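First the structure, in the form of structure tokens, and then the observations on it.
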Amino acid sequence: MCTVIIRVPVQPNDAVRVLAIRDEDPHRPWDRLGEWWPDTHHGIAGVRDARAGGAWLAAQATSSRFAVLLNRADLASLPESELHSRGNIVLDAASGVLPTAPVATHGFNLVTVADGIARVFTWDGVALTETALSPGTHMIAHDGINDESTPRIARWLDQFRSAPLSADPKWWTSWVEILDSSTTLDSTDDRAIIRDNRPHGYPTLSLLACAVSVSASGVDARYGELAEPGKWGSGIDLA
């Protein structure tokens, strides 16, 4: 039930901007943004799933590659014993290896940026599709791109599209202000971005966010955790 907002520039030499909010079971341990894979994925920094060893979000600054994964429902027919962690897909994508069908995992939306092009790879357990994102602002959750049948996208996408992004180092300020205003909704509301998904049958809450800028000169990624899962409180400090 994660949420990703991505702005693709009109001018290809400008930076792609991403704000990614992670929803996960707070009892599933993770490691903050760092280079956790020196032996297998040298130079890649990411948010590591401490249980399975993969990543939710990862980037390789020297090659200007970035990837983040959102879970989605699927039609997978393989038994659980034959399905693998989706976190390795993120590490591979940040290394330049993109998914090919069939994928032995549950469903996902994989957002990637490489060579100045932003794409979404969608796996529903049967078919793998690839969509290049056009210039503009897009919002992705557990269904389609800019899918207004997802209540939080229908409620907030236009505001993210309208918000100017600053040219200063804290370019994400206006988007975080939208997150702040969104928390007038209860975290169990289907329109909420900072979420408590337990009433909807999932043990996940919003835990952290990353603001990422991808350009030809590299990747700048900032990380911040919520003080309490699913609660905005005093906000989030992206550093």
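Values in this text are rule-based calculations from the coordinates and carry no lab data. Here the structure is a predicted model, which means the values were calculated and not measured. Heads up, the Cβs are rebuilt from the backbone with ideal geometry, glycines too, and the neighbour counts pull from every protein chain shown.
Here are some notes:
- Answer residue from region 96-112, given it is free of Cβ contacts under 8 Å to residues at least 40 places away in the same chain and of a type in the set (Ser, Thr, Tyr) and is surrounded by the most Cβ atoms within 10 Å (Cβ to Cβ) among those: Thr105
- Matching entry among Leu157, Leu226, Leu208 (being touching a Lys or Arg at 6+ places or on another chain (Cβ under 9 Å) and of a type in the set (A, V, I, L, M, F, W, C)): Leu208
- Only residues that are under 18 Å from the mean Cα position of the chain (by Cα) and either without any contact (Cβ under 8 Å) to a residue 60 or more places away in the chain or within 22 Å of Pro102 (Cβ to Cβ) (or both) were counted across region 53-67, and they come to 6.
- Residues of region 15-29 satisfying the condition of being more than 14 Å from the chain's Cα centre (by Cα) and hydrophobic (A, V, I, L, M, F, W, C): Ala15
- Strands (runs of 3 or more DSSP E) fully within region 89-202 that include at least 1 residues being of a type in the set (Lys, Arg): 117-123.
- Taking region 149-175 as the range and being surrounded by 15 or more Cβ atoms within 10 Å (Cβ to Cβ), farther than 12 Å from Ile5 by Cα and among the charged types (D, E, K, R) as the test, only Arg155 passes.
- When residues of region 68-84 are limited to those that are touching a residue at least 24 places away in the same chain (Cβ under 8 Å) and of a type outside the set (Gly, Ala, Ser), the one surrounded by the fewest Cβ atoms within 10 Å (Cβ to Cβ): Leu75
- Inter-residue pairs, beta-carbon under 6 Å, first in contact (Cβ under 8 Å) with a residue 60 or more places away in the chain and over 22 Å from Val214 (Cβ atoms) and in region 117-132, second in a loop (DSSP other than H, G, I, E, B) and among the hydroxyl-bearing types (Ser, Thr, Tyr), 6+ apart: none
- Of everything in region 1-13 that is in contact with a strand residue (DSSP E or B) (Cβ under 7 Å, 6 or more places away or on another chain) and under 17 Å from Ser215 (Cα atoms), the residue that is surrounded by the fewest Cβ atoms within 10 Å (Cβ to Cβ) is Pro9.
- The condition (being over 15 Å from the mean Cα position of the chain (by Cα) and surrounded by 14 or more Cβ atoms within 10 Å (Cβ to Cβ)) is satisfied by just one residue among Asp124, Asp115, Asp49: Asp124.
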